[in-house]
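Beneath this line is the structure, given in structure tokens, with notes to follow.
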Amino acid sequence: MAFEPIKRTSASQQVMQQIQSLIFSGAYRPGDRLPPERELAAELGVNRTTLREALKRLEQLGLLSIRHGDGTRVLDIYSNARIELLGGLLLSQAAANPRLIVDLFEAREVVGLELARRAALRRSNEDLEKLRLLLAQLNEAREVPEVQMLELEFFYALAQASSNIFYLFLINSIRPVYVEFRDLYAATAQDSRKVRRLQEEVVDAVERGDEGAAARKMKRYLEYGKKQVFKVFGLDKRKTATPATGRARK
């Protein structure tokens with residue numbers, strides 16, 4: 001369980017990433033104590049100020065507990081960690097634990113269906129104009145990164161149409177994670193024409209105010225994206241039988 005000396009200039013960020021990876025991989029488990037500050041700084045090849053900055057940030061993110069007299073202990077990430085860590089967890093562990101991808105798309109469906117329903121009930125003409133504009137932009141998009149960002153904007157526009165501030169906060173919280181780690185989801189945006197057709201069906205239902213149809217069309221759209229990503233990760237029922245947390249489902 002050896003640490004590696006930090007070589008780049010963004011030392012604090014790299015210290016964070018290295019400790020975070022060790023926690024995500026299970027090298028450090030909940031309740032484990034990190035090495036003493038002086039020893040850890042020496043092993044990482046950084047000064048104690050840099051180390052403290054990294055540890056403090058990890059504490060804020062819910063990965064560590066720092067207490068005078070008790071040292072720095074690892075917390076249970078599934079009970080304490082914040083959404084900012086989701087991208088790093090997926091990036092470092094998705095290949096070894098594909099259940100994480102399954103859980104991600106399960107949560108995506110729950111939120112997506114409700115967004116579509118609420119948007120159909122509450123949308124304004126201005127909301128519809130925004131959604132139609134995004135469809136027009138998607139019709140011109142050809143590069144995967146551009147399609148991905150328009151997909152994100154589509155969900156944000158639906159959140160606005162839902163008139164629910166908590167959905168907006170949720171999308172805002174997810175946005176940086178999605179942008180930073182969008183390579184994981186690139187498969188969903190390979191066929192821009194298909195994505196546009198599926199989104200247009202959702203928008204048509206939203207415009208009619210048909211919440212049931214909006215949810216059904218959203219489910220179809222989300223299932224398409226899930227299918228593409230599952231192909232990339234080679235997911236099947238046998239591989240995804242274990243929950244991402246490693247805990248048995250009740």
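The values are calculated or read from the model by the stated rules, or taken from the named source; none is laboratory data. Everything quoted here is computed from the prediction, not taken from an experiment. Virtual Cβ from ideal backbone geometry, glycine too; neighbours counted across all protein chains shown.
If the condition is being touching a Phe, Trp or Tyr at 6+ places or on another chain (Cβ under 6 Å) and of a type in the set (Gly, Ala, Ser), then the range 70-113 contributes Gly87, Ser92.
Out of all the residues in the range 85-99, is one or more in contact with a helix residue (DSSP H, G or I) (Cβ under 9 Å, 6 or more places away or on another chain), farther than 22 Å from Leu170 by Cβ and either assigned by TED's automatic domain parsing to the domain that holds Arg57 or of a type in the set (A, V, I, L, M) (or both)? Looking through the range 85-99, at least one residue is in contact with a helix residue (DSSP H, G or I) (Cβ under 9 Å, 6 or more places away or on another chain), farther than 22 Å from Leu170 by Cβ and either assigned by TED's automatic domain parsing to the domain that holds Arg57 or of a type in the set (A, V, I, L, M) (or both). With respect to Gly62, determine if the residue is within 30 Å of Met149 (Cβ to Cβ), outside any helix (DSSP H, G or I) and under 17 Å from the mean Cα position of the chain (by Cα). Against the criterion (within 30 Å of Met149 (Cβ to Cβ), outside any helix (DSSP H, G or I) and under 17 Å from the mean Cα position of the chain (by Cα)), Gly62 qualifies.
On inspection, Lys219 qualifies as modelled with pLDDT of 90 or more, of a type in the set (Lys, Arg) and assigned to a helix (DSSP H, G or I). Ser162 fulfils the conditions (1) among the hydroxyl-bearing types (Ser, Thr, Tyr); (2) surrounded by 13 or more Cβ atoms within 10 Å (Cβ to Cβ); (3) more than 24 Å from Ile83 (Cα to Cα) except for a single criterion, (3).
If the condition is being surrounded by fewer than 15 Cβ atoms within 10 Å (Cβ to Cβ) and assigned to a helix (DSSP H, G or I), then the range 138-159 contributes Asn139, Glu140, Pro145. Would the range 103-124 turn up any residue that is over 25 Å from the mean Cα position of the chain (by Cα), surrounded by fewer than 18 Cβ atoms within 10 Å (Cβ to Cβ) and not small (Gly, Ala, Ser)? Yes.
Within the range 126-136, how many residues are in contact with a helix residue (DSSP H, G or I) (Cβ under 6 Å, 6 or more places away or on another chain) and farther than 12 Å from Val195 by Cα? Spell out the reasoning first.
Step one: list which residues in the range 126-136 are in contact with a helix residue (DSSP H, G or I) (Cβ under 6 Å, 6 or more places away or on another chain), which gives 127-128, 130-131, 134-135.
Narrowing further to those that are farther than 12 Å from Val195 by Cα: 127-128, 130-131.
Number of matching residues: 4.
Evaluating Gly212 against the criteria (1) surrounded by 18 or more Cβ atoms within 10 Å (Cβ to Cβ); (2) at pLDDT 95 or above leaves one unmet condition, (1).
The single condition from (1) in contact with a helix residue (DSSP H, G or I) (Cβ under 6 Å, 6 or more places away or on another chain); (2) surrounded by fewer than 15 Cβ atoms within 10 Å (Cβ to Cβ) that Val202 fails is (2). For the range 173-199, a residue qualifies if it is crowded, with 18+ Cβ neighbours inside 10 Å and under 22 Å from Leu128 (Cβ atoms), and the qualifying residues are Ser192, Val195, Arg196, Leu198, Gln199. Could you grab me the full set of residues in the range 51-63 that are more than 14 Å from Pro36 (Cα to Cα), without any contact (Cβ under 8 Å) to a residue 40 or more places away in the chain and in contact with a helix residue (DSSP H, G or I) (Cβ under 6 Å, 6 or more places away or on another chain)? Selection gives Leu61, Gly62. Kindly indicate whether any position in the range 71-78 is aromatic (Phe, Trp, Tyr) and surrounded by 19 or more Cβ atoms within 10 Å (Cβ to Cβ). No, the range 71-78 has no match at all.
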